Amino acid sequence: MKQKVGQVSPEEKNEILALFERRNGLSELAKIVNNDDVLYEKLVTDMGTTTTKFQNWWDRMAAKYQWKGTENGHWEIDFNTNEIYLIVNS
Amino acid sequence: MEWKEGHAKSITFIVTKDCQLVCKYCYLVGKNISERMSFETAKQAIDYILSNKDLYSESSVIWDFIGGEPFLEIDLIDKICDYIKIQLYEKQHHWFNSYRFSFSTNGINYHEEKVQNFIRKNHNHLSIGITIDGTQTKHDLNRIYKSGKGSYDDVARNIPLWLQQFPHGGTKVTISSPDIPYIKESVLHLYSLGIKEVNINCVFEDVWQENDDLLFEEQLIQLADVIIDSEYYKEYACSFFTEFIGKPMDKVRENQNWCGAGMMLAVDAAGMFYPCTRFVQYSLRNKKTAIIGNVHEGINQNLLRPYLTLNRCTQSLQECIECEVASGCAWCQGENYDAAETNTIYQRATAICKMHKARVRTNNYYWNKLYRKLELEGQRENFEKKETSVIC
Amino acid sequence: MLQYLVILLDDTSVSYCHYENPKKVKRLISLSDLKAGILFAMKQNLMIQFVYPDYEIPAEYQKEIETIDHHKIAPQKIQLKNADVVVFNSCKEFSTEKTEENKDKIFVLRANGKDVARNVSTFAHDGRLNIIITDIETFTENDFSLYKETLEQLKNTVKEIFLQENSPQVNLLTDRILLEKMNNCNAGIENITLAPNGKFYICPAFYLEDENDTVGNLTNCIDIKNKHLYKLSNAPICQKCDAYQCKRCVWLNRKTTREVNTPSHEQCVVAHLERNASRNLLLDLQQLGAWEDKSIKAIDYFDPFEVKDKF
């Protein structure tokens, strides 16, 4: 089930979009960087930092907007409309 | 919908000028098997682009790979993409957070292991379009092997795999004079294959015969009827029917150029830079190539100025400027240059005029009929609100 | 609308503009083509500008030329007494001229930027002086700086002449003050060139670059393809520009950007350095009570291309 529960500002959307893209970029970069590569350490650290920032954004926004949530569900954002949806696993 | 709606920098690598097919309408008049890009050339181009951030300051980038058939050079492409990713990251380039790899392929070797490995490796950043022209009859009319055999079967077998990997994948259909009778059945056939976005364009070259516009109009009216009566419009799209076309255009507020030639950048196997692939010699019938630089010396900014200052009115005839159905009438800067009476990009080719006018008539018919239906069903407001979603 | 016909009397006719004339072998226009060219100008109501080589042309040519109203453009070397425009091909040539005796003539000085910079202090001429910088397309940032200094010196020279209650005209500085709209060369629109081979060209430079680049002949008349591209209204950068003194050389445009309607960065910067120097001259002269009805506004760019998004 998918239900609209709120909306974020364009600036807030851009923040999570950049983190989303960075996380995807890092995960695909990780496929071609060996653990003996000079980039490896930096990449691992970066992935950790980006994931934390990503989660922080959701925590921050959830606290700010007080979106409805459930235990067996998660939120998603529509990058075109900036709308937040609650997805309940059936 | 195009990623970043045309605001991303588009950089095209012409990795090969070879192709398995010899499509009859193909604008690439100089295809050959000898001009294959080396990794070293690609690397030099990437190094130049990434080290000139002031010239390439767009917030996003589309790294586009074309041919010929780009997937003939999948090993090279894989190496280039790896190099791009590493360089973006090492240089802390802002494009690392906003890039795509884009491909237009004939789909023939889409299923091959090397191509599939590449797709798995880069899936989050890929935009792949397979060109399939419609029914087997329509497709095989133009898209043939050197032997003369049609390519439909070899492409169609890969469509399910492609749609499984890219459910929102769209296809490009090109219409030339002999294709007109097959338009309706071809679009419906593509829908039946599960392709929800069909982008169709009439070729810009002067190929049109007497009464082609009337035949075209007839086909589009029939197509409009089926799309509306069978309610395909709820899930499927056909670029012929676009609401905001066929209106007069303001000389000041609506004076932008149609295409992105000059804002794009193409590089070929010899390391030459072009304002778009249509200015490469293999795309030109009549004119000399329009090189704007090379990987060693960079871009000659003076040669870019005409492209970056092009607008609608300075390249159009008075008839076009004052046309009452001007909006949506497209042009290709490369075809304009190739067809011009002098060596200029400022002479708009108008071979497409009567086809555009026919399209506008059917487009008006489509929207009038659709909105009336939705109005009577009380669905008009919902339809107008409907938007595509990209979910994180 | 065409107003002028430039007739090159010989392949070695002097250059009076940005282009160089590399031709060394004399080839006079045929007498029949000269007559046909004059007839064409009479029928089309065109003022003829005859461009002379650096040798004396035959008497029958001289006689024919005098059958119509015209202007003579001649190299300084031949000392043509009734020349209307005298062309100097270096600052050295110009420095030897007794300018006082020829105040009624237009002087054209062709020289490169560095030559002009070295000799600008000798340009005190109380008459009309057109300075043509011949190497604009090669200018670098250093050259722009040098040119700015040159124009500042020239401004002071012109001001000095004004203070002596004379009325000097130097194209680079005084034209912009007096003009209220673009005053471009307008080759292809207001003027056309008849070359010694009897064919028409957009201007002498087009002929010297490629004899095949013709736009007609005396038999079939003029047919300029994409003629609208020579008009200011079809030049996206120039139509928004207020460096009115710029010649907007379509030949240089084509040479540097491949389009006759698009100037190079170097052309635009040079024109704006001149424009701004003109403004400085105007401000100085207004303090002396002159040209109080004129104005040139301050701007913060040197190349209109850089502000094209604000047009």
#### Entry: For residue C:47, residues with placed amide H under 5 Å, excluding near neighbours
C:4, C:5
### Query
Which residues does a label at residue B:116 reach in segment B:56-72, if reach means a backbone N under 13 Å from a point 7 Å past the Cα toward the Cβ?
none
#### Entry: Three-way shape label, segment B:274-392, alpha-carbon gyration tensor, a/c 1.5
prolate
### Task
State the number of lysine pairs found in segment A:2-88 whose Cα atoms come within less than 30 Å, restricting to pairs 8 or more positions apart or on distinct chains.
18
### Query
Of all accessible surface on chain C at a 1.4 Å probe, what whole percent is carbon and sulfur?
47 percent
### Query
If the cut-off is 13 Å between C-alpha atoms, which aspartates and glutamates fall inside it for residue B:79, apart from same-chain ones fewer than 8 positions away?
B:40
### Task
Kindly provide the trypsin sites (Lys or Arg not before Pro) of segment B:78-178 that DSSP labels as loop, not H, G, I, E or B, and whose Cβ sees at most 13 other Cβ atoms within 10 Å.
B:146, B:149, B:157
### Message
Show me, for segment B:249-263, the HN-Hα J-couplings you get by feeding each phi into the Karplus relation (A = 6.51, B = -1.76, C = 1.60, θ = phi - 60°), rounded to Hz, glycine and proline as x.
### Response
10, 6, 5, 9, 6, 10, 10, 6, 5, 6, 10, x, 3, x, 7
### Query
FRET efficiency for residue C:309 and residue C:62, Cβ-Cβ distance as r, R0 = 45 Å, nearest 0.05?
0.20
### Task
Leaving ligands, DNA and RNA out of it, report the carbon-plus-sulfur percent of the accessible area of chain A at a 1.4 Å probe.
50 percent
### Task
Any chance you could give the angle, 0 to 90 degrees and rounded to 10, that helix B:113-122 forms with the longest Cα principal axis of chain B?
90 degrees
### Query
Could you work out the helix-only [θ] at 222 nm for chain B, with each DSSP H run of four or more residues adding -39,500 (n - 2.57) and the total divided by the number of residues, to the nearest 500 deg cm²/dmol?
-10500 deg cm²/dmol
### Query
Where the centre of each part is set by its Cα atoms, how far does segment B:117-167 sit from segment C:149-179, in angstrom?
70 Å
### Query
Relative to the compact globular guide of 2.2 N^0.38 Å, what is the alpha carbon radius of gyration of chain A, as a ratio?
1.28
### Task
Enumerate by residue number the trypsin sites (Lys or Arg not before Pro) in segment B:272-374 meeting two conditions: DSSP loop (anything except H, G, I, E, B), and at most 13 other Cβ atoms within 10 Å of the site's Cβ.
B:285, B:288
### Degrees, to the nearest 10: B:74-90 long Cα axis against longest axis of chain B
70 degrees
### Task
Take peptide A:20-33, look around each residue's Cβ out to 10 angstrom, count Cβ atoms belonging to other protein chains, and average those counts.
5
### Query
Going through segment B:273-379, which GluC sites (Glu not before Pro) have at most 12 other Cβ atoms within 10 Å and a DSSP loop state?
B:297, B:322, B:324, B:341
### Task
Calculate the spin-label point distance for residue C:183 paired with residue C:90, positioning each point 7 Å from the Cα along the beta-carbon direction, and give it in nanometres.
3.1 nm
### Task
Return the calculated 222 nm mean residue ellipticity for chain C, to the nearest 500 deg cm²/dmol, obtained by summing -39500 (n - 2.57) across DSSP H runs with n ≥ 4 and dividing by the residue count.
-10000 deg cm²/dmol
### Task
Quickly work out the residue B:351-to-residue A:30 label distance, labels modelled 7 Å from Cα along the C-beta direction, and quote it in nm with one decimal.
5.2 nm
### Message
How far apart, in nanometres, would the label points at residue B:256 and residue B:242 be if each is projected 7 angstrom from Cα along the Cα-to-Cβ direction?
### Response
1.1 nm
### Message
Distance cut-off 28 Å, Cα to Cα: go down the list B:357/C:255; B:354/C:227; B:184/B:357; B:85/B:138; B:4/B:196 and report the pairs above it.
### Response
B:357/C:255; B:85/B:138
### Query
What are the residues whose amide H is under 5 Å from the amide H of residue C:27, where those residues sit 5 or more places off or on another chain and H is modelled from the backbone?
C:11, C:12
### Message
If I model the protein assembly as shown as equal point scatterers sitting on the Cα atoms and use the Debye formula, what is log10 I(q)/I(0) at q = 0.05 Å⁻¹?
### Response
-0.37
### Task
Could you calculate the FRET efficiency of residue B:215 with residue A:11 from 1/(1 + (r/R0)^6), where r is the beta carbon distance between them and R0 is 51 Å, rounded to 0.05?
0.50
#### Entry: Estimated FRET transfer efficiency when R0 is 51 angstrom, pair residue C:54-residue C:294 (beta carbons, to 0.05)
0.80
### Query
Taking a label point 7 Å from the Cα of residue B:57 along the Cα→Cβ vector, which residues of segment C:271-311 have an amide N closer than 18 Å to it?
C:300-311
### Message
From the helices alone, meaning DSSP H stretches of at least four residues, give me the mean residue ellipticity at 222 nm for chain A, per-run term -39500 (n - 2.57), in deg cm²/dmol to the nearest 500.
### Response
-19000 deg cm²/dmol
### Query
Taking the Cα atoms only, what angle lies between the long axis of helix B:212-229 and the longest principal axis of chain B, rounded to 10 degrees?
80 degrees
### Task
For a quick protection proxy, order the peptides C:71-79, C:25-33 by their average other-Cβ count within 10 Å, most packed first.
C:71-79, C:25-33
### Query
So, by mean Cβ neighbours within 10 angstrom, what's the order for C:214-220, C:36-42, B:14-20 with the highest one leading?
B:14-20, C:36-42, C:214-220
### Query
At what distance in angstrom do the alpha carbon centres of segment A:63-90 and segment B:223-287 lie from each other?
36 Å
### Task
Positive end of the charge dipole of the protein assembly as shown (Lys, Arg +1 and Asp, Glu -1 on Cβ, about the Cα centre): tell me which of C:257, B:364, B:269 has its Cα farthest that way.
B:364
#### Entry: Backbone HN-Hα couplings from phi across segment A:7-14 [Karplus 6.51/-1.76/1.60, Hz, Gly and Pro as x]
8, 10, 6, x, 5, 5, 4, 4
### Query
Averaged across the residues of B:114-122, what count of C-beta atoms belonging to other chains lies within 10 Å of each residue's C-beta?
1
### Task
Beyond 24 Å between alpha-carbons counts as too far, so tell me which of C:35/C:103; C:181/C:310; B:43/B:114; C:72/C:155 fall in that bin.
C:35/C:103; C:72/C:155
### Message
Per-residue Cβ counts within 10 Å, from other chains only, averaged over C:226-238: what number is that?
### Response
4
### Task
Hey, can you grab everything whose amide H is under 5 Å from the amide H of residue C:217? Only 5+ residues off in sequence or another chain; H modelled, so Pro and N-termini drop out.
C:200
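The values are calculated or read from the model by the stated rules, or taken from the named source; none is laboratory data. Because the structure is a prediction, the values reported are computed rather than measured. Ideal geometry is used to build each Cβ from the backbone, glycine not excepted, and the neighbour counts take in all protein chains shown. SASA here: full protein model, heavy atoms, side chains in, ligands and nucleic acids out. Shrake-Rupley method; radii C 1.70, N 1.55, O 1.52, S 1.80 Å.
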